[in-house]
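Asker: Have a look at this one before I ask anything.
Where a number appears in this text, it was derived from the coordinates with a stated rule and is not lab data. Since we're looking at a predicted model, the values are computed, not measured. Glycine gets a Cβ as well: all are built from the backbone with ideal geometry, and neighbour counts include every protein chain shown.
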Amino acid sequence: MPPKTALRQSDENAWLDWVRRQVRPAAVGGLRLGIGDDAAIVRPRSGWEIAVTTDLMIEGTHFRRGIDRPEDCGYRLAMRGLSDLAAMGAEPWMLFFSALWPKDEPPAWRRSVHRGLTQAAHAAGATLAGGDVSSGVHACFDIVALGQIPRGQALRRDGARPGDRIFVSGTLGQAAWGRQMLDHGHIPQNPRERSALRRCQRPCARWELGEKLRGLASAAMDLSDGLSSDLDRLCAASGVHARVDETSLPLAGPAGVGQNFLALALHGGEDYELLFTVPRRKLAALTQRTGASIQLTEVGEILPVRRARKSQPRLWLQAGNGRSQPLAPQGWDALRPHTRH
Ligand SMILES: [Mg+2]
C-alpha cells in the first residue's frame, strides 16, 4: 500500500508554489522564462552585457539563528549580491536564491527569510528568477545576482592610477558596531546606535551610485570586508599603493567615547558602501553627477609604486600631524579560522 502522503502535494512542491506566488517576474524586462522550468532564460538589452556574482551566507559564520532575525538574513543576503552589482556599475536585474533550510525550523521561518529577500529585490527593481532548495541541520544560503551594464562600461578594480583620489560613500564601521550590539544583546540607546544596528540588519547597497560612476571612476569595489582589506585588494589589482588620511574618514561616531570608531572604520566589514577612485580631471564631473543625493568622502590618494617601496606595505595611514604608518589589511578574511561574531 502506498504511504498515506502519496496523494498529498510534496513539501517541496508546496514550498515552490508559495515562492512562485511571491515573485513579480513581470517587474523586469528580459526574463523570458522564470521559476518553474529546469532553467531560466534571460535576454539582456541590446548593447548591454550581464554581470554575474555569487555569495554564500552560512549559519554560525555570517549569522546566528536566535540573534539575527530571519527577515534580516534574507534581506542582507540579497543586499550582498546587489552590492557586488553596484560595485561593477551594473543595474540590478535578477536573483537566484538557493537555500539549505534547517529541519528544526517551521515553514514560517523559511517564509520570513524569503520575505526579507524579496523586499530587498523589489527595492532594487530586481526579481527572483530561480534557485534550489534542500534541508539539513544548519542553514546555508547562496545568492546569485545578475545585473546589466552598457557594453564596456563596467567599473573594475584594476584601473586606479597614481594621483587618483580615493572616495567612499556613507559612513564606515556602522555595520560592525551594530554587529557588536547584536552579539552582546545591547539595546540601542540613541539615534546613532539605532542607525548602526539598522545598518547591520538592513544594509543598503549603492546601485544608484554605481550607475552614476560609470565613465567617472577609474576603479571601484564594494566595502564588504573592511576598508583596509578592500582597498588593499583594489591596489593589488591596479598595481598601485595608497595613502588614507585618518582625519578624513567618515566614522560612525566621535572619537574618545569608549568605542574605537577608527578601528571599526578601517577594519569593520559589511557596510556595503562603495570604495572608488576618481582621476583629478573628473572631480568636478563627480560633484555634478552625484550632487548632494549621497554622502561621498574623499579619504586619500593613490600613490605610485616606487622601486624602493616594492616590498613595503601597499597602504599607508596618514595621521593629522602628517606622519604616515603602514596600514595592514585587518578586515574580514573568509579563510581565517574565526567567525564574524
Ligand atoms: Mg564585492
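Asker: With θ set to phi - 60°, apply the Karplus curve 6.51 cos²θ - 1.76 cosθ + 1.60 along segment 288-302 and write out the HN-Hα couplings as whole Hz, x wherever there is a Gly or Pro.
Answerer: With the stated coefficients, segment 288-302 comes to 4, 6, 8, x, 9, 5, 8, 6, 10, 10, 7, 10, x, 9, 7 Hz.
Asker: Shifting gears a bit: Please determine, in degrees from 0 to 90 and to the nearest 10, the orientation of helix 227-238 with respect to the longest principal axis defined by the Cα atoms of the chain, where the helix direction is its Cα long axis.
Answerer: Tilt of helix 227-238: around 80 degrees.
Asker: Also, I was wondering about something else. Work out, step by step, the length gained on full extension between Ser248 and Ile187: first 0.36 nm times the residue separation, then minus their alpha carbon distance; give nm to one decimal.
Answerer: Working: separation 61, 0.36 × 61 = 21.96 nm, distance 2.94 nm.
Going from the current span to full extension adds 19.0 nm.
Asker: Give me the distance in nm between label points sitting 7 Å out from Cα along the Cα-to-Cβ direction at Ala39 and Glu208, one decimal.
Answerer: With each label placed 7 Å out from Cα toward Cβ, I get 3.6 nm.
Asker: Beyond 22 Å, how much of the Cα-Cα pair distribution for segment 165-326 remains, as a whole percent?
Answerer: On the way: 5649 of 13041 pairs.
Tail of the P(r) past 22 Å holds 43 percent of the pairs.
Asker: Give me the percent of DSSP beta bridges within segment 4-150 that run antiparallel, rounded to the nearest 5. Numbers along the way, then the final one.
Answerer: Values: 22 of 34 bridges.
Within segment 4-150, antiparallel bridges account for around 65 percent of the total.
Asker: Compute the angle between helix 174-184 and the longest alpha-carbon principal axis of the chain, please, reported from 0 to 90 degrees and rounded to the nearest 10.
Answerer: 60
Asker: Per 10 Å bin from zero, what fraction in whole % of the C-alpha pairs of segment 119-188 is there, up to the bin with the longest pair?
Answerer: Taking every Cα pair in segment 119-188, the percentages come to 11, 20, 36, 25, 7, 0.
Asker: With the crude spin-label approximation of a point 7 Å out along Cα→Cβ, what separation in nm comes out for Val133 versus Arg161?
Answerer: 5.2
Asker: Take the alpha carbon atoms of segment 141-207, find their center, do the same for segment 244-314, and report the distance between the two centers in whole angstrom.
Answerer: 13
Asker: Would you mind checking the tilt of helix 191-201 against the longest principal axis of the Cα atoms of the chain, expressed as 0 to 90 degrees and rounded to 10?
Answerer: That works out to roughly 60 degrees.
Asker: Of the beta bridges DSSP finds with both residues in the chain, what % are antiparallel, to the nearest 5?
Answerer: Working: 43 of 60 bridges.
For the chain, the DSSP antiparallel bridge percentage is about 70.
Asker: When averaged across all projection directions, what area in nm² does the alpha-carbon convex hull of the chain cover?
Answerer: Numbers: hull surface 82.3 nm².
Seen from a random direction, the Cα hull of the chain projects 20.6 nm² on average.
Asker: For segment 81-95, take each phi angle, set θ = phi - 60°, evaluate the Karplus expression 6.51 cos²θ - 1.76 cosθ + 1.60, and give the result in whole Hz per residue in order, putting x for glycine and proline.
Answerer: Once θ is set to phi - 60°, the couplings for segment 81-95 become x, 5, 5, 5, 5, 4, 5, 8, x, 8, 7, x, 9, 9, 10 Hz.
Asker: From the phi of every residue in segment 126-142, what ³J(HN,Hα) in whole Hz does the Karplus formula 6.51 cos²θ - 1.76 cosθ + 1.60 yield, where θ is phi - 60° and glycine or proline is x?
Answerer: 10, 10, 7, 10, x, x, 9, 9, 7, 9, x, 7, 10, 7, 8, 10, 9
Asker: Moving to a separate point now. With a ≥ b ≥ c the root eigenvalues of the C-alpha gyration tensor of segment 4-150, is it rounded (a/c under 1.5), prolate (a/b larger than b/c) or oblate? Don't jump to the answer; show the numbers that get you there.
Answerer: Working: a/c = 2.30, a/b = 1.36, b/c = 1.69.
Verdict is oblate for segment 4-150.
Asker: Across segment 25-106, what fraction of all alpha-carbon pairs, as a whole percent, falls in each successive 5 Å bin from zero upward?
Answerer: The calculated distribution, bin by bin, is 3, 11, 20, 20, 18, 13, 9, 4, 1, 0.
Asker: Next question. Extension gain Arg281-Gln325, at 0.36 nm per residue separation less the Cα-Cα distance, in nm? All intermediate terms of the calculation are to be shown ahead of the outcome.
Answerer: On the way: separation 44, 0.36 × 44 = 15.84 nm, distance 2.85 nm.
Taking 0.36 nm per residue and subtracting the Cα distance, the gain is 13.0 nm.
Asker: Rg over Rh of segment 100-241, using C-alpha atoms and the Kirkwood radius, what does it come to? Don't skip to the answer; put the middle values down first.
Answerer: Values: Rg = 18.6 Å, Rh = 18.2 Å.
Taking Rg over the Kirkwood Rh, I get 1.02.
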